[in-house]
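Data first, discussion second: the structure below is written as structure tokens.
Bear in mind that the values in this text are calculations on the coordinates, not laboratory data. Every value quoted in this text rests on a predicted model; they were computed, and no experiment measured them. Methodologically, a virtual Cβ is constructed for each residue, glycine included, from the backbone with ideal geometry; neighbour enumeration extends over all protein chains shown.
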Amino acid sequence: MYNPGPDVTVDECLLPYRGRCPFKQYIPSKPAKYGIKIWAACDASRSYAWNMQIYTGKPAGGVAEKGQGKRVVLEMTEGLRGHNITCNNFFTSYALGEELRRRRLTMVGTVRKNKPELPAALTRIKNRTVNRSG
């Protein structure tokens, strides 16, 4: 079985498709806009899709899943140890970082300003001094 390098990225991609499909997605920010949404964990150094999962839509009942980003990253990185996981702000959360740490993984990711665990002092940009290194 393939063993990815030390850096793994987790993200979504949209496979362009306009035919009939019960789980076809519309994502206006993507170039193709319509298609099949796929979660992918890729080896960052080799650009190899190591693990993929098709998103088949909301669970039965039509209620949106809470913590979907965390669930996806944990499922996609199952079995990895000692790797660094890079993801965007859809996936990144404090709870995910803690769980990845327990699994002996590290994480790098962007954070949305409205996350409850983010201190207000970090989100304020007015009257903040600019620091320099060196």
Test of understanding: given the chain, find the longest segment containing no GluC sites (Glu not before Pro) that are in a DSSP loop and have at most 15 other Cβ atoms within 10 Å.
1-64
Per residue, the convex hull enclosing the Cα atoms of the chain spans a volume in Å³ of 185
Once phi is turned into θ = phi - 60°, what whole-Hz ³J(HN,Hα) does the Karplus curve with 6.51, -1.76 and 1.60 give for every residue of the stretch 43-53, x standing for Gly and Pro?
6, 5, 6, 10, 6, 10, 6, 7, 8, 9, 8
Mean ellipticity per residue at 222 nm, deg cm²/dmol - from DSSP H runs of n ≥ 4 across the chain, formula -39500 (n - 2.57):
-4000 deg cm²/dmol
Give me the extension gain from residue 32 to residue 49: residue separation times 0.36 nm, minus the current Cα-Cα distance, reported in nm with one decimal.
4.1 nm
Projecting each Cα onto the charge dipole of the chain (Lys/Arg +1, Asp/Glu -1 at the beta carbon, about the Cα centre), which of 8, 22, 84 comes out farthest on the positive side?
22
Treating only the Cβ atoms of Lys and Arg (+1) and Asp and Glu (-1) as charged, compute the dipole magnitude of the chain about its Cα centre; round to the nearest 20 debye.
560
Taking only Cα atoms and a 10 Å spring cutoff, compute GNM fluctuations for the chain and point out the largest among 40, 60, 120.
60
Using the basic label-point model (7 angstrom from Cα toward the beta carbon), what is the residue 112 to residue 84 distance in nanometres?
2.6
Whole-Hz couplings from phi, Karplus 6.51/-1.76/1.60, listed for the stretch 96-113; x for Gly and Pro
5, x, 5, 5, 5, 4, 4, 8, 6, 10, 10, 9, 10, x, 6, 10, 6, 4
Do any chymotrypsin sites (Phe, Trp or Tyr not before Pro) in the stretch 4-82 lie in a DSSP loop with no more than 16 other beta carbon atoms within 10 Å, and if so, which?
17, 23, 55
Trypsin sites (Lys or Arg not before Pro) in the stretch 66-134 lying in a DSSP loop, each with at most 13 other Cβ atoms within 10 Å of its Cβ, come to 66, 81, 104, 112, 113, 124, 126, 128, 132
Residues whose placed amide H lies under 5 Å from that of residue 50, excluding near-sequence neighbours
41, 42, 43
Which one of 79, 62, 109 has the biggest mean-square fluctuation once the chain is modelled by GNM with Cα springs under 10 Å?
62
Mind listing the phi-derived Karplus ³J(HN,Hα) values for the stretch 79-92, rounded to whole Hz, using 6.51, -1.76 and 1.60 with θ = phi - 60°, and x for any glycine or proline?
x, 7, 9, x, 9, 9, 9, 10, 8, 8, 5, 5, 8, 5
Can you bin the stretch 27-98 into rounded, prolate or oblate? Criterion: square roots of the alpha carbon gyration tensor eigenvalues sorted a ≥ b ≥ c, rounded for a/c under 1.5, prolate for a/b above b/c, oblate for the rest.
oblate
GNM on the chain, C-alpha springs below 10 Å: top fluctuator among 105, 15, 74?
15
Rounded to the nearest 5, the percent of DSSP beta bridges in the chain running antiparallel is 70
Least to most buried among 42, 87, 13, by other C-beta atoms within 10 Å and fewest first, runs 13, 42, 87
